[in-house]
Amino acid sequence: MAGKFLLCFHDFSVWNYQKVTPVLEELRDLAGRPFNVLVIPDTEKASPEIIEGFRAVLLKLKAEGFELALHGYKHKAEFSQGRSYTGLMSMNLTHGEAEFAGLSEYESERLLQDGLSAWNAIFNVSQGEFPPVAFVPPTWYSNRFLSKQVRQQGMLFESRFSIITARGRRYVSPVTSFAGIPKFLIKPAFKFGETILKVPFGLPRVALHPVDFPTRAGEVRDVIRTALSNGRKLIRYSDL
């Protein structure tokens, strides 16, 4: 996949869609085409009016060519008796956001189904009627069962270091992300992003989050311009 890259916007939710949607449109104009949007499907405690607005925006984004992916369930872990010690460590590192980290096979499947059910509820559809194109576990921490479970549902699976299609084809995919890291690592993170976008091989990803805007908007634009100026083509999950 030399000469290509992915742009993935994480954490799009019922609670931030009104603020974030203009950012997506601005980035689309800069990148030259729509990209992947990772949706947190949980709408618990949101009003029917807010949920309806969220649904309308998601359908509009899809109609415009954005690809919608499932990004966990709540993006905040619940207590689970089936979580390994490694999973508990991942939870600690991510302030409880690694909801799929170290889960048992049963708990992983249960939580995945909860996420899919919440997704279907947003769109008022039955299982499989409006499927997500991909699944990305929050913070990329996972368990040894999740990739297979996701692909059995016909979705692409994204981990921290690779992407596996539903058919089982794996792509090595380094990712640069700027959210949740110490301030002194921000500049090195952007430098790393520019580097992986300049080398003539691999399938690099740029992972953006709502907290990147407006604080790091200028640097984000520079990273995208770096990819485009080096001849990389922006692709989406469905192109793999």
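The values are calculated or read from the model by the stated rules, or taken from the named source; none is laboratory data. The model shown is predicted, which means the values in this text are computed figures rather than measured ones. Cβ coordinates were reconstructed from backbone atoms using ideal geometry, including for glycine residues, and neighbour counts include every protein chain displayed. When the accessible area is computed, the model is the full protein with side chains, heavy atoms only, and any ligands, DNA or RNA have been set aside. Shrake-Rupley method; radii C 1.70, N 1.55, O 1.52, S 1.80 Å.
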Work through the residues other than residue 174 whose Cβ is under 11 Å from its Cβ and net out their charges, Lys, Arg +1 and Asp, Glu -1. +2
Residue (of 154, 173, 189) at the positive-pole extreme of the range 140-196, dipole from beta-carbon charges: 154
Relative contact order (percent) for the range 28-158, with alpha-carbon contacts under 8 angstrom and 6 or more residues of separation? 27 percent
Qualifying GluC sites (Glu not before Pro) for the range 89-171 [loop in DSSP, other Cβ within 10 Å: at most 16]: 129
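Given the rule -39500 (n - 2.57) for each run of at least 4 DSSP H residues, summed and divided by the residues of the chain, what is its mean residue ellipticity at 222 nm, to the nearest 500 deg cm²/dmol? Walk me through the numbers on the way to the answer.
Numbers: 7 runs with 92 residues, N = 240.
Theoretical 222 nm ellipticity from helices: -12000 deg cm²/dmol.
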Give the carbon-plus-sulfur fraction of the accessible surface of the range 26-154 in %, rounded to a whole number; probe 1.4 Å, heavy atoms of protein chains only. 53 percent
When the C-alpha atoms of the range 41-80 are aligned to their principal axes, what extent does each axis show, in angstrom, from largest down? 38, 23, 8
Other residues with Cβ under 15 Å from the Cβ of residue 111 give, with Lys and Arg +1 and Asp and Glu -1, a net charge of -3
Can you give me the accessible area per residue for the chain, using a 1.4 Å probe, in Å²? 48 Å²
